[in-house]
Protein chains: 2
Amino acid sequence: MKLIFLGTGAAVPTLKRNVTSVVLRFEDTGRYWLFDCGEGTQHQLKKASFRLSKLEKVFISHFHGDHVFGLPGMLSTRGLEGIKERVDIYGPKGIKSFIEENRKIVNFHLTYELGINNFPKKGMGVVYEDNKFIVRSALLNHSVSAYGFSVKRKPRYRFLMEKARKCGVPEGPLFGELKEGKSIKLKDGRRLNGRDFVEKVDDGKKLVYCSDTAYCENSVELAKNADVLIHEATFSGKEQELADKSLHSSVGDACRVATEAGVSRLILTHFSPRYDTKIRDGTVYTMENMADEAKALFPETLMAKDFMEYEIK
Amino acid sequence: MKLIFLGTGAAVPTLKRNVTSVVLRFEDTGRYWLFDCGEGTQHQLKKASFRLSKLEKVFISHFHGDHVFGLPGMLSTRGLEGIKERVDIYGPKGIKSFIEENRKIVNFHLTYELGINNFPKKGMGVVYEDNKFIVRSALLNHSVSAYGFSVKRKPRYRFLMEKARKCGVPEGPLFGELKEGKSIKLKDGRRLNGRDFVEKVDDGKKLVYCSDTAYCENSVELAKNADVLIHEATFSGKEQELADKSLHSSVGDACRVATEAGVSRLILTHFSPRYDTKIRDGTVYTMENMADEAKALFPETLMAKDFMEYEIK
């Protein structure tokens with residue numbers, strides 16, 4: 001799996017950073033999911049050579065414009081391009097109205113199935129599950145209801161084909177059933193259990209995305225033992241008061257979540273535009289200072305940039 | 001006045017062209033108006049160094065996403081930047097719902113007065129007027145109700161200060177009244193008419209914007225004797241059938257409007273993405289062919305590009 005950061009700025013686009021969106025791409029299929037969809041996400045996807053036909057799911061964290069205003073345009077472009085592949089949107093209560101009210105006035109044509117899914121009640125629980133992944137949401141602590149997501153890739157197994165052959169399993173449907181972990185009965189009456197014919201390749205991986213939020217226990221719980229935590233860090237520690245007031249995180253808040261949850265890698269994103277403009281009202285802000293602060297608190301930290309890629313092996 | 005083309009592509013953004021938006025900037029004040037506001041217009045404004053505080057008016061031609069999906073984000077950013085200056089939106093019926101429904105869900109904060117104005121009934125008539133400009137709209141011929149705009153800058157006059165002095169007009173309030181074209185009465189009983197104390201500098205200018213539309217008589221009427229006509233040309237003449245079917249214009253349709261209306265300068269925009277991608281389904285499309293076609297039909301034609309500037313003297 002690979003992460004590609006399409007927008008790493010907070011609130012408004014700058015010349016260096018677009019507003020929020022992160023891609024999770026599956027390298028076996030080339031398909032991908034999006035976490036949030038700020039204005040201009042479809043432009044960023046095009047710059048990064050992603051096809052909209054490969055988009056499977058969009059998870060919207062909350063209803064602030066910098067996380068959602070790119071959705072109507074992207075859905076509309078999928079229709080204009082004649083794409084047939086279904087897409088599913090997962091979002092807080094209101095996601096259906098948001099899409100439908102936009103479509104009432106700007107009646108864009110859909111050439112594909114559009115699934116619109118609310119989060120589980122109270123925002124906690126399983127949002128999506130298939131045989132490879134389970135996605136959970138948790139309510140964070142922001143000025144509007146905002147949700148974090150954990151994506152757990154389930155452990156992967158390799159089918160022991162030679163072992164099956166040696167046990168006299170004939171190639172064909174029985175092979176397939178065994179591969180899926182089912183029990184089978186051979187002609188000679190022997191019963192074989194699929195579990196004995198697979199070997200674990202890995203224990204799975206866990207990715208967590210928390211944006212926007214102040215420090216909160218739900219983030220820590222959601223991020224427990226994650227391989228990668230993507231966490232917002234709108235402000236540096238010097239602007240802690242601003243972070244608290246706006247229910248955003250400082251670098252310190254995000255590092256605290258990473259430490260308490262015992263994550264392996266922290267990626268900070270959603271930086272206030274002030275850290276790109278350097279000087280504002282006489283104060284000097286730099287992204288370098290933000291990075292130093294993060295490294296001191298949680299050494300395994302990366303600062304996201306637009307189009308940065310990170311592979312989750 | 002200066003035109004700056006922010007987005008010159010049709011339907012979907014490409015790597016070369018954003019979706020539609022055109023700036024009309026007034027050089028005496030630095031303030032500007034927008035015609036249409038496709039997704040990413042605020043990004044383009046930033047790239048072209050425009051401040052959102054100087055934005056005065058937005059005219060929306062019709063409710064297709066490539067002309068309007070940039071509006072919520074741009075209005076939201078104005079609030080996040082703490083801008084105090086009023087902005088007025090003019091659009092077809094539904095413009096109020098479009099903004100309000102988006103705000104119901106994504107409740108962005110307004111720090112400024114937001115005027116939302118419907119076009120006159122049946123879409124024909126005066127949309128806006130002040131002492132310098134008059135803006136009119138006309139119903140075009142598209143798959144949804146779409147409107148063209150004419151912007152007439154009224155004739156400009158220079159105050160003949162020396163003449164007023166020689167006639168014994170005392171400096172002060174009477175000077176001001178005369179300057180505004182009013183009649184005044186001097187102490188000695190003489191009456192002076194303001195009209196005799198001004199000299200015409202120019203006859204005004206007329207700019208017309210028609211997008212999206214097939215060829216129609218209303219466009220010709222609206223564009224009559226315009227100094228500059230901005231007209232959509234989604235397709236080349238080879239794709240006339242496609243143009244007719246989708247109620248868009250070919251280069252030929254746009255040139256016909258320019259010829260029949262007797263305009264001085266035609267600027268074509270809103271080109272289908274196929275002319276940037278060159279090859280699609282085995283057919284070669286190029287912008288150069290489009291330009292040659294236009295020049296042959298109406299020599300005073302320019303092909304718009306993103307960030308192209310054109311001064312209306």
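The values are calculated or read from the model by the stated rules, or taken from the named source; none is laboratory data. Quick caveat: nothing in here was measured; it's all calculated off a predicted structure. Positions of Cβ are generated from backbone atoms using ideal geometry, with glycine treated the same way; all protein chains shown enter the neighbour counts. Protein only, heavy atoms only, side chains kept; ligands, DNA and RNA dropped before computing areas. Shrake-Rupley method; radii C 1.70, N 1.55, O 1.52, S 1.80 Å.
Being more than 10 Å from chain B (Cβ to nearest Cβ), out of contact with any Asp or Glu (no Cβ under 7 Å at 6 or more places or on another chain) and of a type in the set (Gly, Ala, Ser) is a property that holds for A:Ser150.
Do the conditions hold for A:Asp212, that is, is it more than 22 Å from A:Ile134 (Cα to Cα), of a type in the set (D, E, K, R) and at pLDDT 95 or above?
In short, no.
Counting the residues of segment A:16-43 that are within 14 Å of another protein chain (Cβ to nearest Cβ), within 19 Å of A:Ser76 (Cα to Cα) and of a type outside the set (Val, Ile, Thr) gives 8.
Residue count for segment B:172-198 under the criterion of being open to solvent by 30 Å² or more (accessible area, probe 1.4 Å), assigned to a strand (DSSP E or B) and of a type in the set (A, V, I, L, M): the result is 1.
Evaluate segment B:18-26: report whether one residue or more is out of contact with any Cys (no Cβ under 7 Å at 6 or more places or on another chain), polar (S, T, N, Q) and not in a helix (DSSP H, G or I). Yes, segment B:18-26 contains a residue that is out of contact with any Cys (no Cβ under 7 Å at 6 or more places or on another chain), polar (S, T, N, Q) and not in a helix (DSSP H, G or I). The single condition among (1) touching a residue at least 40 places away in the same chain (Cβ under 8 Å); (2) closer than 19 Å to A:Ala214 by Cα that A:Asp253 does not satisfy is (1). With respect to the conditions (1) touching a Lys or Arg at 6+ places or on another chain (Cβ under 7 Å); (2) part of a strand (DSSP E or B); (3) surrounded by 13 or more Cβ atoms within 10 Å (Cβ to Cβ), A:Tyr112 falls short on a single one, namely (2). Determine which member of the set B:Ile83, B:Ile89 is more than 9 Å from chain A (Cβ to nearest Cβ), assigned to a loop (DSSP other than H, G, I, E, B), buried (at least 17 other Cβ atoms within 10 Å of the Cβ) and not polar (S, T, N, Q). B:Ile83 is the lone residue from the list that is more than 9 Å from chain A (Cβ to nearest Cβ), assigned to a loop (DSSP other than H, G, I, E, B), buried (at least 17 other Cβ atoms within 10 Å of the Cβ) and not polar (S, T, N, Q). The residues in segment B:237-288 that are of a type in the set (Ser, Thr, Tyr), under 21 Å from B:His67 (Cα atoms) and modelled with pLDDT of 95 or more can be counted, and the count is 5.
Does B:Glu199 count as touching a Phe, Trp or Tyr at 6+ places or on another chain (Cβ under 8 Å) and farther than 28 Å from B:Val23 by Cα?
Details: touching a Phe, Trp or Tyr at 6+ places or on another chain (Cβ under 8 Å): yes; farther than 28 Å from B:Val23 by Cα: yes.
Considered against the rule, which asks whether it is touching a Phe, Trp or Tyr at 6+ places or on another chain (Cβ under 8 Å) and farther than 28 Å from B:Val23 by Cα, B:Glu199 comes out as yes.
Only residues that are closer than 19 Å to A:Gly94 by Cα and of a type outside the set (S, T, N, Q) were counted across segment B:91-106, and they come to 8.
Residues in segment A:43-59 that are more than 17 Å from A:Ile95 (Cβ to Cβ) and either surrounded by 15 or more Cβ atoms within 10 Å (Cβ to Cβ) or not polar (S, T, N, Q) (or both): A:His43, A:Gln44, A:Leu45, A:Lys46, A:Lys47, A:Ala48, A:Phe50, A:Arg51, A:Leu52, A:Ser53, A:Lys54.
Residue-wise test of (1) without any contact (Cβ under 8 Å) to a residue 40 or more places away in the chain; (2) basic (Lys, Arg).
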| site | (1), (2) |
| --- | --- |
| A:Asn107 | yes, no |
| A:Ile116 | yes, no |
| A:Lys132 | yes, yes |
| A:Tyr147 | no, no |
| A:Lys154 | no, yes |
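Checking each residue in segment A:128-160 for being in a loop (DSSP other than H, G, I, E, B) and either open to solvent by 60 Å² or more (accessible area, probe 1.4 Å) or among the basic types (Lys, Arg) (or both) picks out A:Asn131, A:Lys132, A:Asn141, A:Ser143, A:Ser145, A:Lys154.
Can you find even one residue in segment B:235-249 that is touching a Gly at 6+ places or on another chain (Cβ under 9 Å), closer than 27 Å to A:Leu80 by Cα, without any contact (Cβ under 8 Å) to a residue 60 or more places away in the chain and not small (Gly, Ala, Ser)? Yes, some residue in segment B:235-249 is touching a Gly at 6+ places or on another chain (Cβ under 9 Å), closer than 27 Å to A:Leu80 by Cα, without any contact (Cβ under 8 Å) to a residue 60 or more places away in the chain and not small (Gly, Ala, Ser). Inclusion of B:Asn131 among residues that are farther than 28 Å from B:Leu247 by Cβ, of a type in the set (S, T, N, Q) and more than 10 Å from chain A (Cβ to nearest Cβ) is warranted. All but one of (1) aromatic (Phe, Trp, Tyr); (2) touching a strand residue (DSSP E or B) at 6+ places or on another chain (Cβ under 7 Å); (3) within 14 Å of another protein chain (Cβ to nearest Cβ) hold for A:Phe108; which doesn't? The number of the failed condition is (2).
Keeping to segment A:25-42, report how many residues are over 16 Å from A:Glu85 (Cβ atoms) and surrounded by 24 or more Cβ atoms within 10 Å (Cβ to Cβ). Total satisfying the criteria: 7. Scanning segment A:48-73 for residues that are out of contact with any strand residue (DSSP E or B) (no Cβ under 8 Å at 6 or more places or on another chain), more than 10 Å from every other protein chain (Cβ to nearest Cβ) and assigned to a helix (DSSP H, G or I) yields one hit, A:Ser53.
Just to be sure I understand, how many residues within segment A:117-127 are open to solvent by 50 Å² or more (accessible area, probe 1.4 Å) and within 15 Å of the chain's Cα centre (by Cα)?
The qualifying residues number 1.
In this structure, does B:Ser76 turn out to be part of a strand (DSSP E or B) and either in contact with a Gly (Cβ under 6 Å, 6 or more places away or on another chain) or surrounded by 14 or more Cβ atoms within 10 Å (Cβ to Cβ) (or both)? Considered against the rule, which asks whether it is part of a strand (DSSP E or B) and either in contact with a Gly (Cβ under 6 Å, 6 or more places away or on another chain) or surrounded by 14 or more Cβ atoms within 10 Å (Cβ to Cβ) (or both), B:Ser76 comes out as no.
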